[in-house]
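Right, one structure below, let's go through it.
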Amino acid sequence: MDSSEFRRIFKECMIENGFAFRKNKCYLLSEKLIAIIQTQKSNFSNGFYINYGFLVKEIHKNMDCSNICLCDVVGRFTINDKDEYELSSLTSEMLIESLKTNVNDIIFPVANGGIMKYFELYPKAICVAKKELREFLNSKYYKS
């Protein structure tokens, strides 16, 4: 598989799953969150990473969600227990299956269930969540 085929399949799969595209990022808006997914070309191999992030709307009112680095919590899709999609060994079927699995197992449950669902799925992620998110969660869920 080459880079252009990877990007084409990625974009088609995300659109089929209800994502909107702007530049090389795709977005899914839910009632409480904005999910952002983007590809990142590896500098060291013939591969890609697929990064995702969630922005909590209550924290980020009127935010332009164009930068995944601004997300409250971020992660990477995996394929065969690795986070790099190595193009030389990747088939279109493998990519499609991985995208569907990651979207169905991570993005949709969190988009529908809220950010706390992400921490149910990945409890250790709270350690790398942005300070604003941790403060928001403390004030919302742990009032004295």
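What follows draws every value from the coordinates through simple rules; no lab data is involved. These numbers come from a predicted model, not from an experiment. Cβ sites come from the backbone with ideal geometry, for glycine too, and all protein chains shown count toward neighbours.
Other residues lying with their Cβ under 12 Å from the Cβ of Lys117 contribute a combined charge of -1, Lys and Arg counting +1, Asp and Glu -1.
For segment 77-88, the Karplus equation 6.51 cos²θ - 1.76 cosθ + 1.60, evaluated at θ = phi - 60°, returns couplings of 5, 10, 9, 6, 6, 10, 9, 10, 9, 6, 5, 5 Hz by residue, with Gly and Pro reported as x. In percent, what relative contact order does segment 28-144 have, based on Cα pairs under 8 Å that are 6 or more apart in sequence? With pairs under 8 Å counted, the relative contact order is 26 percent. By the count of neighbouring beta-carbon atoms within 10 Å, fewest first, Leu70, Leu137, Leu95 end up ordered Leu70, Leu137, Leu95. For Glu84, the residues whose modelled amide H falls within less than 5 Å of its own, excluding neighbours fewer than 5 places apart on the same chain, are Ile79. Amide H contacts for Ser30 (H built 1.01 Å from N in the peptide plane; partners 5 or more residues away or on another chain; cut-off under 5 Å): Ala35. The H on the amide N of Gly47, modeled in the peptide plane, is under 5 Å from the matching H of Ser42, Leu87, each at least 5 residues off or on a different chain. Within the listed set Val56, Val128, Val74, the residue fluctuating most in the Gaussian network model of the chain (springs between alpha-carbon atoms under 10 angstrom) is Val128. If you take the Cα atoms of the chain, find Rg, then find the Kirkwood Rh from the mean of 1/r over all pairs, what is Rg/Rh? With Rh from the inverse mean 1/r over Cα pairs, Rg/Rh is 0.98. Counting lysine pairs in segment 20-115 that sit 8 or more residues apart in sequence, or on different chains, and whose Cα atoms lie under 28 Å apart gives 18.
Electrostatic bookkeeping for Val56 treats Lys and Arg as +1 and Asp and Glu as -1; over the other residues with beta carbon under 14 Å from its beta carbon, the sum is +3.
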